[in-house]
Each structure stands twice: as structure tokens, then as C-alpha cells.
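Structure, as C-alpha cells:
The values are calculated or read from the model by the stated rules, or taken from the named source; none is laboratory data. Given the structure is predicted, the values throughout are model-derived calculations rather than measurements. All Cβ positions, even for glycine, are placed from backbone atoms using ideal geometry, and neighbour counts span all protein chains on display.
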Amino acid sequence: MNDIVIDDMADPVLTPGLIGAREGPADFPDRLSAQDVIDRAMAATGLHDFGTDGEGGSAGLFERLRVTLQSLHEDSGLTRGGRTTIVMNAVRALSNRLRVEDMIRRHPEILDIPIERPIFIAGLPRSGTTHLVNWLARDDRLNSLTLWESEEPVPATTVAPGEPDPRMARSAEIWATFGALLPHMAAMHEMSATGIHEDNELLFMDLNCYSWEFQARLPRWIDHYFAHDRTGSYAYEKRVLQLLSWQRGDAGRRRWLLKSPQHMENLPAIKAVFPDATMVISHRDPVDVLRSLTTMLGYSDRIRRQPTDPKGLAQLWIDRIERLLRTCVDTRDVWSPDQSIDVLFDRYMADQKGMARAIYAKAALPLTGDIETRLDGYLAENPRHAQGRVIYDLEGTFGVDEAALRRRFGFYYDRFPVRQDH
């Protein structure tokens, strides 16, 4: 097995490609007002109706946009390319929302499609949720989101039957470029346009998705996010799921399989919007999570931060993970045992097939021999560490006292008996 040691985290070696990425595209500004972002989205789509769903309607949407941009401008460590990426994503999110609302306006029957008994996977970043959702997605009785479709749920132009979808090509090009800039990312979290992805992007259209936090340091935005109820944003996600079901000609016949770490801190909101869902919550030692997460984000920070500041990154995410976990512990019981299951990472890795049977039983979904064969095929095709094993050093590289960190997370260990790697 190939061990990967990233030894330039604090002072990265910059390739010409990374230098260009730090600068960002010359034809796109790195600082826009909220109104500028709104105007660009409307100009890109020729549409103007952002809809009124989500917390606070359009006013709440635009307030979240304003807070995001203010937080972005307060992050003085970002490169120009780092800022530009976030501004471009804001324009893309609002453009997607405009196209969603336009499609629903022209086809109101979309909102009659039921979203029944979805299966939600929640869990800390780097706790096996990506593996789990891609594995279970081999069951073709379930609907799941590919990365390219989550990035652009509604096509900007009509795609003729049998023709390749340009959305897939755009996504593949973006992530191929990203992979070339950061070749070790494939060993940590490979981004494939056709892979099954999180439903964060659906929340992103209500500008209430924590994806911003992976790209910048936004304490103002985080405080605003926690200070407001997120139920309306999950109601908007349901609206987009109805549209996607309609586009697929599914009409609600297949159950949705959805996944995001963010779900772990939004258990009551999901319960309110999807009361008949099955909730699967993955649990892993948060110290192990932080070893992996800080390395992944610290490695990619060479594109978007100058200086990279590994120690500041670690402290930011220690605080953020604690906030997420305390919210999860405080609200976990909103999901009753007959609708939810806790998946301990070490037990999942030791007996993946047994855990799949437990999840299927909880979801009241028959696990047939044909489906088991498909699931077995995924495991055979996707062994752990196929792209190499990254060596993590939370104490040395990021200056974290792991023993103190374990004491800090004692409240979580008391509730969920995850195995701690000492």
C-alpha cells in the first residue's frame, strides 16, 4: 500500500497551476455585493422569480446572502481565487434556484409528487458517510443524487434524448482540473462527476448549506446559521426533490437516499419536513475525524489561503465539530428507535454487510439476493485506500493536544460508544 505524507502543509510547494488558481479568473470579480450576485444570477438565466419558500421567504434568502458576503470579506486570509470561487458559487446557487422556480411555475403538478419514506444518512465529515451512500445507491429501487446533477439540477438548455448532458461534461472538467491541482485528494475524498453526492447542493439553493465553511473562515455566517431555524430550508430541499423526481419520470415511486454531515445538526428540521423518513447516523471518534478533516482541508487550502495557517484551521474545526456534536446529542431523541439507527464506524468497517442488513431492516426495505449481489460488487470494486493511505499528524502538523481534545469531547463519548484510537 502506498503511504502518502503531506509534509508541506504550512509552506506548500506551489506549482504553476496552483499559482494560477490562487489568482482566480481575471474576468470575474472577487468582491460583489448581494445585489450584484442577484443581478448576475438573473442575467445568466433571464429569470427573476426566486420563489418564496424557505425560512423568511426571499427576504430570508437575501439576508443569508448578505451575511455570507460580509463574512467572506472579513476573511482576510483568502487568496483572490479563494474569494472568487465562493462568489461564483453564490451566483450558481441563485441561478439554480431561479431555474427551479421557473420549472415549477410552468409545471405546478411537480408539487403534487410525494416524497415518501426517504432514507437520510447523517454523520461527521470523514465518518464513512460517502462510502455508505455510494454503496447503498447500488440499489436501483432508490433515488440518489450524482455530483453533476446536484450542481445543476435543472438544465439551462434542452437536452435531446440520447444526447450527452452538458452538465455532466462541465462537472467532469471542473473536478478533473481540481484533481490535477491536488493529486492527493483522490486518496482522501475523490470527487467524480458521476459519483453519488451529498444533498448539500439542494440546501445551497436556499443559501443555508454549510459548504461555505469548507472554503473559508466565516464565524459571522456560522453564528447566523445557528441563530435561525433551518426547517424552511429543508422544505425547500423537498421542493427540489419533487422536481428531480418529476424530471426522472419517477413520480414518487422510488424512495430517496440522501446524505450530508449537516443533517446531524438538523435532526428536528428533517423530522418536521420528512416525518416518515429513516434516519441513519454514522458515529466516529471526533479525534479521528479531525485528523482526517484538517489534513484534507489543510491540503486544499494551498489553493485558497495565504498563508495556509494549519493551526488556525484546526482550532476552527475543533470548535465547529463540537458545536455540531452538541446539537446532535441534544436533539438525537427527536428520532425514535423505530425510525433511526446509530452506525458506529468501527463496527461498520468490521461488518459492512451486517450493518447493511440492519439499515435495510430499519427502513423496512427487503434486502433481496439480487440487491446483495450488487452491494457486494461495490465493495469488491472500491476497497479502502485504493488510491493510497494518507498519514495524518494532528499533533505535529496542526499543534493539537489529542488528550485534551478527547476530554473536550467527553460528552459525545458518553452518549455514543465510538472506539477511540489512542
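Of everything in the stretch 339-383 that's without any contact (Cβ under 8 Å) to a residue 60 or more places away in the chain and β-branched (Val, Ile, Thr), which residue is nearest to Val287 (Cα to Cα)?
Ranking the qualifying residues of the stretch 339-383, first place goes to Thr373.
Within the stretch 53-141, considering only helices (runs of 4 or more DSSP H) that don't extend past its boundaries, which have at least 3 residues that are surrounded by fewer than 22 Cβ atoms within 10 Å (Cβ to Cβ) and either among the hydrophobic types (A, V, I, L, M, F, W, C) or without any contact (Cβ under 8 Å) to a residue 24 or more places away in the chain (or both)?
57-74, 80-106
Any residue at all in the stretch 290-305 that's among the basic types (Lys, Arg), surrounded by fewer than 22 Cβ atoms within 10 Å (Cβ to Cβ) and closer than 23 Å to Leu132 by Cα?
Looking for residues that are among the basic types (Lys, Arg), surrounded by fewer than 22 Cβ atoms within 10 Å (Cβ to Cβ) and closer than 23 Å to Leu132 by Cα, one finds none in the stretch 290-305, hence no.
Just to be sure I understand the filter: pairs with C-beta atoms under 6 Å, separated by 6 or more residues or on different chains, first member in the stretch 21-38 and within 15 Å of Asn89 (Cα to Cα), second member small (Gly, Ala, Ser) and modelled with pLDDT of 95 or more. Which pairs pass?
Sorted first by the residue in the stretch 21-38, then by its partner, the pairs are Gly24/Gly81; Val37/Ala90.
When you go through Ser233, Ser211 one by one, which is the residue that is crowded, with 17+ Cβ neighbours inside 10 Å and out of contact with any His (no Cβ under 6 Å at 6 or more places or on another chain)?
Result: Ser233 is the single residue among Ser233, Ser211 that is crowded, with 17+ Cβ neighbours inside 10 Å and out of contact with any His (no Cβ under 6 Å at 6 or more places or on another chain).
Which of (1) in a helix (DSSP H, G or I); (2) of a type in the set (A, V, I, L, M, F, W, C); (3) surrounded by 15 or more Cβ atoms within 10 Å (Cβ to Cβ) is the odd one out, the single condition Phe50 does not satisfy?
In the conditions (1) in a helix (DSSP H, G or I); (2) of a type in the set (A, V, I, L, M, F, W, C); (3) surrounded by 15 or more Cβ atoms within 10 Å (Cβ to Cβ), Phe50 misses (1) alone.
Collect the residues in the stretch 384-399 that are of a type in the set (D, E, K, R) and closer than 21 Å to Pro183 by Cα, keeping them in residue-number order.
Arg384, Arg389, Asp393
Would it be correct to say that Ser282 is of a type in the set (Gly, Ala, Ser) and not in a helix (DSSP H, G or I)?
Yes: the conditions hold for Ser282.
Need the failing condition index for Ala137 against (1) within 18 Å of Tyr236 (Cβ to Cβ); (2) touching a strand residue (DSSP E or B) at 6+ places or on another chain (Cβ under 6 Å), just the number.
The number of the failed condition is (1).
Output the residue which, of all residues in the stretch 10-42 that are basic (Lys, Arg) and assigned to a helix (DSSP H, G or I), is surrounded by the most Cβ atoms within 10 Å (Cβ to Cβ).
Only one residue fits best here, namely Arg40.
Being touching a Phe, Trp or Tyr at 6+ places or on another chain (Cβ under 6 Å), more than 28 Å from Tyr378 (Cα to Cα) and not β-branched (Val, Ile, Thr) narrows it down to one of Ala314, Ala277, so name that one.
The match here is Ala314.
Could you tell me whether the stretch 306-323 includes any residue that is buried (at least 22 other Cβ atoms within 10 Å of the Cβ), touching a residue at least 24 places away in the same chain (Cβ under 8 Å) and among the charged types (D, E, K, R)?
No, every residue in the stretch 306-323 fails to be buried (at least 22 other Cβ atoms within 10 Å of the Cβ), touching a residue at least 24 places away in the same chain (Cβ under 8 Å) and among the charged types (D, E, K, R).
Only one of Ala404, Ala380, Ala386, Ala356 is of a type in the set (A, V, I, L, M), closer than 30 Å to Asp11 by Cβ and either assigned to a helix (DSSP H, G or I) or touching a helix residue (DSSP H, G or I) at 6+ places or on another chain (Cβ under 8 Å) (or both). Can you tell me which?
Of Ala404, Ala380, Ala386, Ala356, the one residue that is of a type in the set (A, V, I, L, M), closer than 30 Å to Asp11 by Cβ and either assigned to a helix (DSSP H, G or I) or touching a helix residue (DSSP H, G or I) at 6+ places or on another chain (Cβ under 8 Å) (or both) is Ala404.
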